[in-house]
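**Q** Have a look at the structure that comes next, please.
Taken together, the values in this text are just the output of simple stated rules run on the coordinates, not laboratory data. A quick note: this is a predicted structure, and the numbers were derived from the prediction, not measured. Cβ placement follows ideal geometry from the backbone for every residue including glycine, while neighbour counts extend to all protein chains displayed.
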Amino acid sequence: MASNHELSLTPRMGGKSALVLFVAVLLAFVAETQITQYLQTTLQYRQSYFIFYVVHSSFLASLPIHLAYLLTTTDLELRPLLSGLRCALMHQLTSASGSVPDIQHRKFPTVKAAFIMIALSIFYSLPSLLWFAAVPLASVTDVTAIWNANAFFTYVFSVKLLGMEWRAIRLMAVCLATLGVMTIVYGGTIAPPPSPDPVQTSAVHIVPPFVGDMLVLIASVGYALYQVIYKKYVALPTDPELTLEPSHYRSITTDDMVDEETPVPLSKGGIVYPPPFGLHPNLITTAIGICTLLVLWIPIPILHYYRLEVFRLPTSVDVSIAIAGIAASGVIFNAGFMILLGIWGPIITSVGSLLTIVLTLFSDLIFGTVPLTFGGLIGTGMIVGAFAVLVCDMM
């Protein structure tokens, strides 16, 4: 029987909204994968870092889109929504206490907020950059298997950093999902990578595959650590998983105090607090997009100068449309992922993300990219079974 401490950390499904969002996240990832493959293989546009830069910069649209949706489908007003977000950030960035109206009128720590958002953006982007660097150095099977081992690392970090207890059923599910990924990729189901770009080949052909494996391993561990740190320090204490025992939420400051707030009724000129479902994570996602746009363009001329990735703009309408499609699906996936990370926690979210491999596999079969193998079938069953076990455990 689980202890009260463990029960307090058990995530909840978050209602129909979270389930619908989860389906949208899975479909968006499959769309992003297929369009990216089409762009790099069929259209022969292989500007990996530039695509990364465009997609991550597009995250800045997350909050405006969410606000536009709320303003057009509800009676909420813009100023109360923004005031509620400001109040939520004040709780995170300072040791502010007291009533919501009192906190609303305090000075906002702009410099500290900017510094933390830049650090968060870099921390979020580094695993992706390492993944892009590893792709031309190692086999696609190694890259896929090692990257998706982040589900196991996420569980380890969750136990250590979130104070969760080791539970055999969760450990079994995470290991089963990781084994399922390896069964798929080493069972011959993952499509081979596109033929390498001549410029990139000349720059990396002498690098041993071991370097690529190590890069993607570091990326996998870093991504797992990011998920847990986001849950502990960035997700609001009003998220469903943390409302039962808010002591496991930690403000970005060193103060251990956490305020539990109840929603404030909306009145003209008032505030909406806590923020509506998903609005705070989308604020963080938008901040990451803005930081990416303003800072991470710097490597583009450097990569071009050293001919690691010769920069060239899209030369056709098809390429431009494909990049726009990748950006749109990337916004949906990452914005939804950040919301689910706050609701379900890092373990279930990371294992649930492995279902994207299953959907990508079936989409490859539909489009005739790869044949179905016995290993792919078994691995798919392992991943689905592992996710089902975790869902049953959280019900």
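**Q** Highest mean first, what order results for 212-219, 338-345, 321-328, 304-311 on Cβ atoms within 10 Å?
**A** Packing order, densest peptide first, comes out as 338-345, 212-219, 321-328, 304-311.
**Q** Return Lys112, Lys231 ranked ascending by Cβ neighbour count within 10 Å, so the fewest neighbours appear first. Can you show the working numbers first?
**A** Details: Lys112 13, Lys231 28.
In order of increasing Cβ crowding within 10 Å: Lys112, Lys231.
**Q** Another question, if that's okay. Short version: ³J(HN,Hα) in whole Hz for each residue of segment 69-76, in order, from phi by Karplus 6.51 cos²θ - 1.76 cosθ + 1.60 (θ = phi - 60°), x for Gly and Pro, what are they?
**A** Working through the residues one at a time gives 5, 5, 5, 8, 10, 10, 8, 5 Hz.
**Q** May I pose another question? Could you work out how far apart the two model spin labels at Val391 and Phe108 are, taking each label as a point 7 Å from the Cα in the direction of the beta carbon, and quote it in nm?
**A** About 3.9 nm, to one decimal.
**Q** Starting from the Cα of Met172, step 7 Å along the direction of its Cβ; do the same at Ile122; then give the gap between the two resulting points in nm.
**A** About 4.4 nm, to one decimal.
**Q** Evaluate E = 1/(1 + (r/R0)^6) for Thr74 and Lys16, where r is the Cβ-Cβ distance and R0 equals 25 Å; express this FRET efficiency to the nearest 0.05.
**A** 0.90
**Q** Further, regarding this structure: Would you mind putting 147-154, 376-383, 70-77 in packing order, based on average other-beta-carbon counts within 10 Å, highest first?
**A** Put in order of decreasing packing, that is 147-154, 376-383, 70-77.
**Q** Taking the alpha-carbon centroid of each part, what is the distance from segment 289-308 to segment 144-170 in angstrom?
**A** Between the Cα centres of segment 289-308 and segment 144-170 lies a distance of 33 Å.
**Q** Applying 1/(1 + (r/R0)^6) with R0 = 45 Å to the Cβ-Cβ distance of Leu179 and Asp318, what FRET efficiency is obtained, to the nearest 0.05?
**A** 0.70
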